[in-house]
1. State whether segment 207-280 is rounded, prolate or oblate according to the following rule on the C-alpha gyration tensor (a ≥ b ≥ c being the square roots of its eigenvalues): a/c under 1.5 gives rounded; otherwise a/b larger than b/c gives prolate, and the remaining case gives oblate.
2. Let me check I've understood the local charge: for residue 331, count other residues with C-beta under 12 angstrom from its C-beta, Lys and Arg +1, Asp and Glu -1. What total comes out?
3. Determine which residues of segment 29-71 fall in the zone a paramagnetic label at residue 367 would reach in this model, i.e. backbone nitrogen under 12 Å from the point 7 Å along Cα→Cβ.
4. Note the full-extension length gain between residue 331 and residue 285 as 0.36 nm times their separation in residues minus their Cα-Cα distance, in nm to one decimal.
5. Subtracting the Cα-Cα distance from 0.36 nm times the residue separation, let me have the gained length for residue 348 to residue 258 in nm, one decimal.
6. Per residue Cα convex hull volume for segment 53-98, in cubic angstrom?
7. To the nearest µm²/s, what D does Stokes-Einstein give for the chain at 4 °C and 1.567 mPa s, using the Kirkwood radius over alpha carbon pairs as Rh?
8. So how do 323-334, 76-87 stack up, highest first, on mean other-Cβ count within 10 Å?
Amino acid sequence: MAETVQQLLRERLDDTTPAVKFGDRVWTWREHLDEAARQAAALIEIADPDRPLHVGTLLGNTPAMLTAMAAAGLGGYVLCGVNNTRRGAALARDIIKADCQILLTDSAHLELLDGLELPGVRVFDVDSQEWTSLLAQAGELTPHREVTPSDTFMLIFTSGTSGEPKAVQVAHIMVPFAGVALVERFELTADDVCYLSMPLFHSNALMAGWAVALNAGAAMAPATFSASGLLDDLRRYGATYMNYVGKPLAYVLATPEQHDDHDNPLRVAFGNEATDRDIAEFGRRFGCTVWDGFGSTEGAVIITREEGCPPGSVGRGYPGVAIYDPETRQECATAVFDDSGALANPDEAVGEIVNTTGGGMFGGYYNDGNATDDRLRHGMYWSGDLGYRDADGWIYLAGRTADWMRVDGENMAAAPIERIILRLPQVSQVAVYPVPDEHVGDQVMAAIVLADDAELTPVELEEFLSQQSDLSPKSWPRYVWITDELPATATNKVLKRELIRQGTKPEKGVLWTRAARGRSYEIG
């Protein structure tokens, strides 16, 4: 098996099967990699040899981005995936933090750089004549280096749900390691088409999309995600496989169901963070297999669903994955459930998901030693995600460390409450988070997005909550915000820090409030 991206791509150099499908064009692997080799040669020739050869990409999900990724692999230099939803000083910070000496962008993103100070960064618009001329003058490719498995292939910024994004150093070996496992699991071949609509600057698209295509020799169809346009794209490109992260399945399921939704080529959807309800409903509606797992951008914690996975669980962890108390540094107690299925011992069972064997393939955060040290404390990798594990080893997510609430002296986690509220058919998305209690501790607040054309009244919500035997009375949201959308990252992860910032005075939508010891919700 190939151990680097460089080796994987070299195996495809003479392939005449489709590699990229975009609009009405199709590139074979030979054509695609010829363009990539030319780009790599051009950039290596103009790069400053006394600086790290880091090439940033401020691009969308287009053939240009796929070419830049392949060029970095063949050329043996580091690609820096720049989040194209960042703006202003934050965008400049990421580019500088990653030590980009070259930045590739296009006409759709060029104006984002207006007014930014980017000292030492040479910017190229890949839609310009200057870029075309540079490529035309490129000679034969002599790689910047012959890479080893542990060398960095790409810098990928974390989503920033709990603070400033950090640049994860993704090693070359991660791509063949992740890709071959999925290719074997889903029996993918060069006849398949991988639909890539998650941001290609993020780890999900790299590991669950691009890596899959490279290992299988399958074609790639890059696209911008659209809930209403997904089915048309799947049919247009003959897509048999897609990856997702965050809420895309929920967005698609919120669109009106059609009688011919089953009429599509999709066989497998693989990703993370979908709810049990959305996994089952997406598979039923579109006639495909949905396989959901859990993994950190850093690659140090991997949890996969297996046959027999109970409702609410994300699966079992790879060796070393455990639940630890960050204060005592001891493994948490096994979860105990009461007769209704509610977690009966949250104080003892809920803790931080860790890898007791260390960081695994995590190479640290680039230019951020303090953040790296914080992740790798006491010889273990600390994910920042809360969870609990039952007696059979099944792991349940409880949210991020910021989702741990203290209500009336009792600890509780956000994720179990979210899973219960999602049983309500009218609810498309929900986020549960803490807001300050007027006396001490926290109160529970829930932001809810309803499904298209759905209606929900305070009385209906009250009746529903009262029927949920596994919902503690203290877990009833004190505040409920009905809104059209939740603030989210580019990878569809809810920005709870923005929800917490708005508190009990959201900027739009409708707020329902429950009296401190009451059950009824009132508007306002």
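Throughout, read-outs are computed from the coordinates displayed, never taken from laboratory work. Keep in mind it's a predicted model, so treat the numbers as computed, not measured. We place every Cβ from the backbone using ideal geometry, glycine too, and count neighbours over all the protein chains shown.
1. Since a/c reaches 1.5 but b/c is at least a/b, the shape of segment 207-280 is classed as oblate.
2. Summing Lys/Arg as +1 and Asp/Glu as -1 gives -1.
3. 52, 54-56
4. The residue 331-residue 285 span can extend by a further 12.5 nm.
5. Numbers: separation 90, 0.36 × 90 = 32.40 nm, distance 4.67 nm.
Computed gain between residue 348 and residue 258 is 27.7 nm.
6. Per-residue hull volume (Cα only) is 53 Å³.
7. D = 53 µm²/s.
8. Ranking, from highest mean packing down: 76-87, 323-334.
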